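This report refers to the structure that appears directly beneath it.
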Amino acid sequence: MTLLLAPMEGLLDFTLRDILTRVGGIDRCVSEFIRVSGTLLPERAFVRVVPELNHGGRTRAGVPVRAQLMGSDPVCLAENAARLAGLGPAGIDLNFGCPAKVVNRHGGGAALLDDPELVARIVSAVRRAVPRSMPVSAKMRLGNLCDTRAVECAQAIEGAGASELVVHARTKAHGYKPPAYWERIRDIRAHVSIPVIANGEIWSVADALRCREQSGCDALMLGRGQVCDPGLALAIARPGHAPLAWEALLPLMAEFWQLIKAHIEPRARAGRLKQWLNYLRRRHPQAEAAYAAVRTENDPARVSQTLFGTEPAWHHGAPG
Ligand SMILES: Cc1cc2nc3c(=O)[nH]c(=O)nc-3n(C[C@H](O)[C@H](O)[C@H](O)COP(=O)(O)O)c2cc1C
């Protein structure tokens, strides 16, 4: 099975991508979206979101990273894609799924799924603007308010030249509320011939197997499930592989903290660590104690002392 790491703006940036891809099992990443609205962005704007551009478009573990663009103006997106392509990403992905009000109000993200013709013009303009060797892919939801035009959108994306399509199996109106409608991806697959990757609500190996069965897809994209359990991709990719134990996660968290300290401004550091711990709680009971120990703490030095001092707090009284 091919496994992709999902783009997650505000959560899964280059620091967490670095850590999660080091565990193994992830074949490819898509960056958080880079919003394009009316201007040609300077190169540094792309590199800020995708610092992997300075390292051959790969994470330190060598996993390729596609850069995701989001916008609604085909000409402007094409100009930005051309500049981005010059920086050497592993590919360019286009966002047709963002549910944010501010984005949709400007006609971007999931709102575009009401207009398959515009979707096609965007993909086609970007495809023409970048070298043939650069993959252009897309990520869509099933629709904006309903899923009746899902196949039409997927066909528009394929017809305009995208080489691959990720489908998050929900409409914008569904938000993030379970379930994900994996069987709808099977309908889409039946109507396009490019590879289709299934995404949404894969939290465990059992979910991955069910998603594969219902969608018919051999490639899956993992989002929150992989953040909660960094061993998930490996467990899916290698049946029988032991789950990633909490003890094996501790050095990864310490490395994450080093990256945070090196790259993230001081006032945001504690929040970043707490954010990941909050996700880890879902899969690792021991994360509960660690989270409780720093929950109200915002001072990075004290967070560091509490979690990574000589006697980390989670060594005491950790449940389970
Ligand atoms: C905090 C957060 C940020 C996200 N940011 C993006 C984004 O930048 N681009 C995108 O295409 N999807 C984005 N998504 C959607 C995810 O890529 C994915 O489609 C969704 O979380 C469903 O997959 P999951 O159930 O495995 O998490 C985001 C989701 C979350 C929760």
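The values are calculated or read from the model by the stated rules, or taken from the named source; none is laboratory data. Just so it is clear, the model here is predicted, and its values are computed rather than measured. Heads up, the Cβs are rebuilt from the backbone with ideal geometry, glycines too, and the neighbour counts pull from every protein chain shown. Protein only, heavy atoms only, side chains kept; ligands, DNA and RNA dropped before computing areas. Shrake-Rupley method; radii C 1.70, N 1.55, O 1.52, S 1.80 Å.
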Query raised in the report: So, in segment 1-44, of the ones that are more than 15 Å from the ligand (Cβ to nearest atom) and hydrophobic (A, V, I, L, M, F, W, C), which residue ends up nearest to the chain's Cα centre (by Cα)?
Result: Ile19
Report summary line: Taking first residues from segment 208-221 that are farther than 13 Å from Ala169 by Cα and second residues anywhere that are among the acidic types (Asp, Glu) and assigned to a strand (DSSP E or B), the pairs with Cβ under 9 Å that are 6 or more apart or on different chains are Ala219/Glu164
Query - Pair list, Cβ under 7 Å, 6 or more apart: segment 194-207 residue over 30 Å from Gly161 (Cβ atoms), other residue among the acidic types (Asp, Glu) - result: Asp207/Glu201
Query raised in the report: If we keep just the residues of segment 249-276 that are of a type in the set (Gly, Ala, Ser) and free of Cβ contacts under 8 Å to residues at least 12 places away in the same chain, which is surrounded by the most Cβ atoms within 10 Å (Cβ to Cβ)?
Result: Ala268
Query raised in the report: How about segment 202-246: which of its residues are more than 16 Å from the ligand (Cβ to nearest atom), among the charged types (D, E, K, R) and either in contact with a helix residue (DSSP H, G or I) (Cβ under 9 Å, 6 or more places away or on another chain) or open to solvent by less than 40 Å² (accessible area, probe 1.4 Å) (or both)?
Result: Glu213, Asp218
Report task. Mind telling me which of the residues Asp93, Asp147 ends up being among the acidic types (Asp, Glu) and within 13 Å of the ligand (Cβ to nearest atom)? Result -> Asp93
